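One structure below.
Read the figures in this text as sums done on the coordinates, not as results from a lab. Computed from a prediction, not measured in an experiment: that's the story for all the values here. Cβ placement follows ideal geometry from the backbone for every residue including glycine, while neighbour counts extend to all protein chains displayed.
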Amino acid sequence: MNTPSSRPLGARSKLRAFFLAHIGEVLEADTLRTVAGGISEWARRIRELRTEEGYLILTHNDRADLKPGQYLLETPKPQPAFAREISKETRAYVLDRNGFTCQMCGAVAGEPHPYDPSRKTRLHLGHIIDKSLGGSDEASNLRAICSVCNEGASNITPTRPDLQKLLVQVRRASVADQLEVLAWLQKKFHHAKQN
């Protein structure tokens, strides 16, 4: 029988303990991934420590002297934290609205990830305007984002390409790539009515 003291620690607990043991030290992503047990969602657990538990874990988005992939906990005292308030209904709505496709890289849920084919694409919900910057949990401020993009997306608000930029990119592509785009669009919108 597992007692609370004999149960193995989860990734979030391991990361919390490691940060608290290394206050004021710059910690590298590879080290934190190892501390979390090598799980793919280690960065998500760090964001939960920030948003749900209130730990001021800083990244390059917060301090110019930190490089991408570096983290720093300045103080052991947590700040007021945000509660997780996204309902299952909102989650289902946003994923469906976004076509079960990552809004940053275009990866589709369940398919091999284009940047890491050894991993199947897993989608999460990401804030367009991060909660730490005042963003809400409303569907209009949420988007589908894959775990690969989510690992480096905290506090980033990328803009979608407008029609003109998108057309320029498609026109610059090879004929073979343009035909792939056409096939993908036809598959995606096969049910749309023709006017």
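Numbers for the structure displayed
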item	result
Proximal lysines relative to LYS77, as straight alpha-carbon distance under 23 Å, when same-chain residues fewer than 8 apart are discounted	LYS14, LYS131
Estimated vicinal HN-Hα couplings, Hz - segment 61-74 in sequence order (Karplus 6.51, -1.76, 1.60; Gly, Pro = x)	6, 9, 9, 5, 7, 8, 8, x, x, 10, 10, 8, 9, 7
Length released on extending from LEU20 to ASP65, taking residue separation times 0.36 nm less the Cα-Cα span	14.1 nm
Point-to-point label distance, LEU163-GLU74, nm (Cα→Cβ direction, 7 Å offset)	4.5 nm
Net lengthening on full extension, ARG172/LYS187 (0.36 nm per residue, minus Cα-Cα)	3.2 nm
Two-decimal Rg/Rh across segment 21-110, once Rg and the Kirkwood Rh are taken from alpha-carbon atoms	1.03
Violating pairs (Cα-Cα greater than 31 angstrom) within the set LYS67/LYS188; LYS120/LYS165; LYS120/LYS188	LYS67/LYS188
